[in-house]
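*Asks:* Could you have a look at this structure, given as structure tokens, before my questions?
Readers should treat all values here as calculations from the given coordinates under stated rules, not as data from a laboratory. Remember, predicted model here, so these are calculated numbers, not experimental data. Cβ placement follows ideal geometry from the backbone for every residue including glycine, while neighbour counts extend to all protein chains displayed.
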Amino acid sequence: MAFSKYFYGVILLCQVSFPASEAATTCREVTVNNTYSCEGLGLTEVPESLPFTTETLDFSFNILSALYSFTFSSLGKLVYLDLTRCQINWVFEEAFQSNPNLQTIVLVGNQLMYLADTAFAGPISLKHLFLTQTGLTCLMFVPMHNLDDLETLDIGSNPISAMQLPDSFPIKNLRYLDFQLNGIENILAKDVEILRQVTNLSLSLKGNSIKYIEPKAFYSNNFFSLNFAGCANMVDISVILAGLMGVSTHILKLGTFEDVHGVSEITSNMLQGLCNISVAELSLENMNFNDFSASTFQCMTRLQKLDLTRSNINFFPPDIENMSLLTELILNQNKFNNLCDINLASFSFLTHLHVNRNFESLQMGSGCLVKLLQLQYLDLSDSGIKSSNCCSSELKGLSNLKHLNLSNNDMLSLQDLAFPENSKLEILDFSCTHLQTSKSPFVNLQLLRALNLSQTSIDTNNQHLLQGLPNLTILDFKENRFLFDTIQNDNLFQFVPNLEVLILSSCELKFIGHQAFHMLKKLKHVDLSYNSLTTFSSNAFINTMYLNFAVNSIQIIPQEMVNNIPDNSIINLSHNPLDCSCSNIGFISWYKQNINKIEDPEDTMCGTPRAVEGTKLSALMISCGMSTEVILIIVLIVLLLIIATIFVIKCFLKKRYLSI
Amino acid sequence: MNIFTTAVSAFFLFYVLESKEWPMHTICREPDLEWYYRSCDPLQDIGVSIEPCSKSLLETTYVKIALLLRRDFKWLTAKLNVFIQSLKVFSYSYSLCEPTSAYYTFCGRRKGELVYFEGPVKFGIQTIPQGEYNVSLELFNEDNYNIGCANITLISR
């Protein structure tokens, strides 16, 4: 029923015509003589204008109805051909016979009614075939002739009801086999027997409502990835696991989806089958655990990574054992009240821990992470965290922590020396979390490279805020306020002499002291956009390669300021009310000669005088003072006068002498 | 189900040749509530059905959306803006799909595929206060490409 509705939708969409547009009907050249896009041009044949050398052709959203041996005969060098939604119903014999180099054919969204036995004959080594949403009801419909080198076969979102892989199925180089969202209900061992000869395959059966898999159907298979997410909605997950008995896979996905109806309950008993499968990374997203206990983890002792996103978990039992191989634990979107409820002592070998978007306001507790000596990455973002005296007890024991994300939380009050045991921190993100700080919270973070303090309402008057960060190279200060909307010459940036990237956009800044950044000799990228600056000052940024002054209130720029700008730097002055009168002629002349240094010249326009408001600076015609023509005429007149005077004097003298 | 099918078919079968704007669709029309929408995607129309047609959105509402993809997506973000007389009164952004975490089966779809969602959605609104609301709903992928776009008008009496 669901599929009939689904395909009804597909068929209806095929009939949609788009509003008439006056868009060009010539294909767009992406790279000369090689890559062309004819997407959505309503073409009914391949244009003759495409060169024979074309290797990549996007011909999606056109109207072809049938592919014949001559359809692409003019494009002998084709490697990649995208025929997405071209209303193709018929693919006749040797449709690609003139394209020996063809490696990829995309037929997504065409209602295929006939594929000739030799439809894919021609290409020497066809590697990727996409047949998603093509209405295929049976795999036998796809001719296996000349598919021997196939690496990718995507037949997702079709109404295929059986995964009966024929003996001729191309397995030699197969890497990705995608059967997602079909109508496969039963999988028998003989149907998939041929896959035993393939190693490192990624197989997706996501979203098939499986009722039965023959136990050991995939026995002794070596997969890279197996996706059975959303498959256990009619039966419980133990049926799937029984079918996978004896399998070895790096990744196994067994969760479900919000839009898959049916069973999402899971018990420890159902997971017993995991003991018979060799798996390194397991995902159980969106499942509900009925009896979440130590026995849930009984068959997970060989796991390296476990994803329990959105699993309605609010505590971890304290007696989980033998998880010494687990290095990454993902617990996003759960319901923990306190980090200590995770009982992380059982997971002391973790290097990565994710607890973001927790549905309850998360308390960081005290010493909850103390056993995680190996932890390098901790994500506690967007979890409603409030802490009035952060973070020495909260992050106790994390001596190897390199990356800490506390962004999008409620409020953190950072004490002096807030991270006494985390001196290996390299990246620290507090963006969108209200911060109150003592004098020098980061004083011991010698290795810190990146600090995000955007939208934190941090006290920018505290001149010692950044003390102790000698290696800081990236500082994001976006959307914070400074006293009097001014960065004084004497400011908090003096403690970060190695800063290379500084973001001060949307800080409502009106003025920056000329010496404000004189300590920052290595500054390469400065973003001062979306402020209220009226002066452009380049003195402060001697070696800066990128300067963004977009969306400010700059009118006049003295020429000596732009003369200092190094040759290979880029500046953005767009959306400023630049003065285009003769009082700014020095800058305007420089601008026209240095247009290669300008970012976004399309939006760099005159603000005054009114007559030229909105004119692009690059297109401005302006003349100030006397023009060369006027000067030439004056010089000529003067010369003529001199000659005339000499002539008159000569005549006068001649007369005098004659009269003597 | 039949009402939905009819509604979706009705506009999909529309042939619009000369206009630059997609036609206005009626989601529902009751004495106290009217819903309309128009696709703001220059390339294609979009199908939306909502049931029941009630001012109270506290209980589960059944939503149906059909959308053809012009681009692949791994990330999918929905951005919702509500305006009363051109004044923005509410803004909301929500991540529907991420490369590492798939909440819906349609996450990770490719260009040319049809995204078809049919299911219960909880809005959690007691009752829609009287007034005329303009709602802009946009879906973006990881490259900030506009995957889907609808302008919705909601009149509550």
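*Asks:* Hey, if you put +1 on the Cβ of every Lys and Arg and -1 on every Asp and Glu Cβ in chain B, which of B:ASN134, B:GLY47, B:LEU69 ends up farthest toward the positive end of that dipole?
*Replies:* B:LEU69
*Asks:* Give, rounded to the nearest 20 debye, the magnitude of the charge dipole that region A:221-352 has about its Cα centre when Lys and Arg contribute +1 at Cβ and Asp and Glu contribute -1 at Cβ.
*Replies:* Working: 5 positive and 12 negative charges, 46 e Å.
About 220 debye.
*Asks:* Just to confirm my numbers, what's the Cα centroid distance between region A:20-82 and region A:171-224 in Å?
*Replies:* Between the Cα centre of region A:20-82 and that of region A:171-224, the gap is 36 Å.
*Asks:* With just the Cα atoms defining each centre, how far is region B:71-93 from region A:303-346? Give it in Å.
*Replies:* Taking the Cα centre of region A:303-346 as reference, the centre of region B:71-93 is 34 Å away.
*Asks:* Calculate, for A:ARG196 and A:HIS261, the FRET efficiency according to 1/(1 + (r/R0)^6) with r their C-beta to C-beta distance and R0 51 Å; round to the nearest 0.05.
*Replies:* 0.90
*Asks:* For A:VAL638, A:VAL355, A:VAL142, which order do you get if you count the other beta carbons within 10 Å of each Cβ and list the fewest first? Walk me through the intermediate numbers first.
*Replies:* Details: A:VAL638 10, A:VAL355 23, A:VAL142 20.
Ranked by crowding around the Cβ, least crowded first: A:VAL638, A:VAL142, A:VAL355.
*Asks:* Right, something else. Just to be sure I understand the model, the point goes 7 Å from the Cα along the line to the Cβ. What's the resulting B:PHE90 to A:THR25 distance in nm?
*Replies:* Roughly 4.6 nm, to one decimal.
*Asks:* Let me know the shape class of the protein assembly as shown, please: from the alpha-carbon gyration tensor, a ≥ b ≥ c as square roots of the eigenvalues, rounded when a/c is under 1.5, otherwise prolate if a/b is greater than b/c, or oblate.
*Replies:* Oblate, because a/c is 1.5 or more while a/b does not exceed b/c.
*Asks:* Using a Förster distance of 51 Å, how high is the FRET efficiency between A:LEU373 and A:VAL32, based on the Cβ-Cβ distance and rounded to 0.05?
*Replies:* On the way: r = 56 Å, r/R0 = 1.10.
So the FRET efficiency works out to roughly 0.35.
*Asks:* Right, here's the next one. Using only the C-alpha atoms of region A:482-634, find the volume of their convex hull and express it per residue in Å³.
*Replies:* 116
*Asks:* Figure the gain on full extension for A:GLU321 and A:ASN269 (residue separation times 0.36 nm, minus the Cα-Cα span) and round it to one decimal in nm.
*Replies:* Working: separation 52, 0.36 × 52 = 18.72 nm, distance 1.72 nm.
Working it through step by step, the gained length comes to 17.0 nm.
*Asks:* Scan region A:263-364 for GluC sites (Glu not before Pro) in coil per DSSP, keeping those whose Cβ has at most 16 other Cβ atoms within 10 Å, and list them by number. Mind showing how you got there, number by number?
*Replies:* Working: sites: A:GLU265, A:GLU281, A:GLU285, A:GLU321, A:GLU328, A:GLU360; in loops: A:GLU285, A:GLU321, A:GLU360.
Hits after loop and neighbour filter: A:GLU321, A:GLU360.
*Asks:* For the protein assembly as shown, what does the helix formula give at 222 nm: sum of -39500 (n - 2.57) over DSSP H segments with n ≥ 4, over the residue count, nearest 500 deg cm²/dmol?
*Replies:* Per the formula, -3000 deg cm²/dmol.
*Asks:* Structure shown: which of A:LYS77/A:LYS172; A:LYS478/A:LYS510; A:LYS77/B:LYS111 lie over 19 Å apart, alpha-carbon to alpha-carbon?
*Replies:* A:LYS77/A:LYS172; A:LYS77/B:LYS111
*Asks:* Where in region B:119-136 does the amide nitrogen come within less than 20 Å of the point 7 Å from the Cα of B:ILE155, taken along Cα to Cβ?
*Replies:* Output list for this probe position: B:128-136.
*Asks:* Any idea what the dipole of region A:405-465 comes to, in debye rounded to 20, about its Cα centre with Lys/Arg Cβ at +1 and Asp/Glu Cβ at -1?
*Replies:* Charge dipole, region A:405-465, about its Cα centre: 140 debye, nearest 20.
*Asks:* Under unit Cβ charges (Lys, Arg +1; Asp, Glu -1), what dipole magnitude, rounded to 20 debye, does chain A have relative to its Cα centre?
*Replies:* About 2220 debye.
*Asks:* With unit charges on the beta carbons (Lys and Arg positive, Asp and Glu negative) and the dipole taken about the Cα centre of the protein assembly as shown, which residue among A:LEU448, A:LEU153, A:ALA242 sits farthest to the positive side?
*Replies:* Towards the positive end, the residue furthest out is A:LEU448.
*Asks:* Taking the Cβ of each residue in A:CYS651, A:CYS275, A:CYS231, B:CYS107 as the centre, tally the other Cβ atoms inside 10 Å and list the residues starting with the fewest.
*Replies:* Working: A:CYS651 10, A:CYS275 13, A:CYS231 28, B:CYS107 19.
Going from least to most buried by this count: A:CYS651, A:CYS275, B:CYS107, A:CYS231.
*Asks:* Pick out, from A:LEU504, A:LEU57, A:LEU369, the residue whose Cα sits farthest towards the positive end of the charge dipole of the protein assembly as shown, with +1 on the Cβ of Lys and Arg and -1 on the Cβ of Asp and Glu.
*Replies:* Looking along the dipole axis, the top candidate is A:LEU504.
*Asks:* Work out, step by step, the length gained on full extension between A:PHE224 and A:HIS514: first 0.36 nm times the residue separation, then minus their alpha carbon distance; give nm to one decimal.
*Replies:* Value of the extension gain: 98.6 nm.
*Asks:* In nm, to one decimal, how far is the A:VAL635 label point from the B:TYR145 one, both placed 7 Å along Cα→Cβ?
*Replies:* Using points 7 Å along Cα→Cβ, the separation is 5.9 nm.
*Asks:* Find the centroid of the Cα atoms in region A:441-513 and in region A:515-584, then give the distance between the two in whole Å.
*Replies:* Cα centroid of region A:441-513 versus Cα centroid of region A:515-584: 19 Å apart.
*Asks:* Which helices, counted as full DSSP H runs in chain A, have an axial Cα extent of no less than 18 Å and a Kyte-Doolittle average of 1.0 or above?
*Replies:* Span-like helices, by this rule, are A:2-14, A:628-659.
*Asks:* Starting from the 7 Å offset along Cα-to-Cβ, what nm value, one decimal, do you get for the label separation of A:ALA644 and A:GLU48?
*Replies:* For A:ALA644 paired with A:GLU48, the spin-label model returns 7.1 nm.
*Asks:* Among A:MET113, A:MET621, which comes first, then next, by fewest other beta-carbon atoms within 10 Å?
*Replies:* With the fewest neighbours first, A:MET113, A:MET621 line up as A:MET621, A:MET113.
*Asks:* Using 0.36 nm per residue of separation minus the Cα-Cα distance, give me the extension gain between A:ALA611 and A:SER348 in nm, one decimal.
*Replies:* 87.6 nm
*Asks:* Excluding residues on the same chain fewer than 8 positions from A:LYS211, give the lysines whose Cα lies under 20 Å from its Cα.
*Replies:* A:LYS190, A:LYS253
*Asks:* Same structure, new question: Which stretch or stretches of region A:133-167 have amide N atoms under 11 Å from the point lying 7 Å from A:ASN101's Cα along the Cα→Cβ direction?
*Replies:* None, by backbone N distance to the label point.
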